[in-house]
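Right, one structure below, let's go through it.
All of the numbers you see were taken from the coordinates with simple rules; none came from a lab. All figures in this text were calculated on a predicted structure; none of them were measured in a lab. Cβ sites come from the backbone with ideal geometry, for glycine too, and all protein chains shown count toward neighbours.
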Amino acid sequence: MSTATLAPDVDELGRARFEELIAADEKVEPTDWMPDAYRRTLIRQISQHAHSEIIGMQPEGNWITRAPSLQRKAILMAKVQDEAGHGLYLYSAAQTLGITREEMYEQLLSGTAKYSSIFNYLTPSWADMGSIGWLVDGAAICNQVPLCRASYGPYARAMIRICKEESFHQRQGFEILLALMNGTDEQRAMAQESVDRWYAPALMMFGPPDDASPNSAQSMAWNIKRFSNDELRQRFVDMIVPQAEILGVTLPDPDLRWNEERGHWDHGALDWDEFRAVLSGRGQANSIRLGKRRRAHEDGAWVRDAARAYAGRQLSEVAS
Ligand code: BYC
């Protein structure tokens, strides 16, 4: 029998097994057969998530040398290092799908891969470290806890550890803002001004509204996404309204009100033109973020060369 006649049977068996796994809500592992589109979707989402973690080190890295105390500096350094770690777990998870790390870096550096819109905003004040922790990591947790149950095993397992660390990140941000809100009038004004800038961009992190989200339906059918973009955005708003009250900050949304019938907080419309502009490279900091990443990659070339030369020598010693 020729391979040409065998191949469809192998694919059919693989497809049936894949559909069984998805229907039973079990994990798909790297050695399992999977449809090309499922593989491509995962590579897109996981690599973009990894890029977001790596680019996401910059807005906070900007404040490490200017943190207001030794303790704040130590905490911020630990958080930024965690983000590097998250990027590495995620690149490793994506590599199990057959893409190399070099290909992913190339997509990021050439601007063909996206990373989260939120990291294209500037961090001009110390209070932004609080807002990033509270709002950005808070939004990340709402989005990422369901990803711990994503159907692709390596992604789901990476997300479990990431979510544990994100919880600490959110608390440290909340605590920075709480300290400022318990401080002087100037400190309170600094915290409020920062929350005013980060609130809407944080809500946009969840992606376009459901009726403008081309990937959601298929990703939900494959158990990659468990909730829609709007459902998760709603969860986030419901979570932060009482937290804002504890902090004593005002959320900059005149349409924010409790909807008795729905049992949720209604929020105002978001500026999706701004979101699209940021995605197309016209945000406050797109060129700063990518420029810095490209320079870091070039500066690190000697480390990669040295590691390759060392690995080559080890291999030739084993072979001889
Ligand atoms: N920014 O059909 P949709 C962190 C794109 S890092 C940019 O709804 P999907 C942290 C989307 O990719 C957190 N692009 O897509 C790190 C798609 O374009 P493509 C990062 C966005 O994939 C350091 C198009 O819009 N989190 O926490 O079903 C310090 C249509 O969207 C955005 C993740 O990456 C956006 N905000 O759903 C502190 C989570 N939103 O790819 C904190 C994992 C949408 O077709 N990712 N787009 O060209 C996801 O959960 C999903 O990919 C999304 C989008 C919910 C983001």
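Table for the structure above
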{"item": "Size of electric dipole in segment 45-194: Cβ of Lys, Arg +1 and of Asp, Glu -1, about Cα centre, debye, nearest 20", "result": "360"}
{"item": "Lysines with Cα under 24 Å of K164, excluding same-chain neighbours fewer than 8 positions away", "result": "K27, K73, K79, K225"}
{"item": "Percentage relative contact order, segment 238-317, counting C-alpha pairs under 8 Å, at least six apart", "result": "13"}
{"item": "0 to 90° range, to nearest 10: angle between helix 286-299 axis and the chain longest Cα axis", "result": "50"}
{"item": "Hz values of 3J(HN,Hα) by residue in segment 41-50 - Karplus curve (6.51, -1.76, 1.60), Gly and Pro given as x", "result": "4, 5, 4, 4, 5, 5, 5, 5, 5, 4"}
{"item": "Translational D in µm²/s for the chain (Stokes-Einstein at 10 °C, 1.306 mPa s, Kirkwood Rh from C-alpha pairs)", "result": "74"}
{"item": "Folded to 0 to 90 degrees: helix 3-23 orientation relative to the chain principal axis, Cα", "result": "30"}
{"item": "Distant-in-sequence amide H partners of H264 (H built 1.01 Å from N, under 5 Å)", "result": "N259"}
{"item": "Charge dipole (segment 159-242, unit charges on Cβ, about Cα centre) - positive-most of M205, N223, G173", "result": "N223"}
{"item": "Amide H within-cut-off set for Y152, under 5 Å, with H built and near neighbours excluded", "result": "V28"}
{"item": "Neighbourhood net charge (13 Å Cβ-Cβ; Lys/Arg +1, Asp/Glu -1) for E29", "result": "+2"}
{"item": "The chain: most fluctuating residue of G153, G133, G56 per GNM, C-alpha cutoff 10 Å", "result": "G153"}
{"item": "Rounded to whole Hz, the Karplus (6.51, -1.76, 1.60) HN-Hα couplings of segment 77-85, x for glycine and proline", "result": "4, 5, 5, 5, 5, 4, 5, 4, x"}
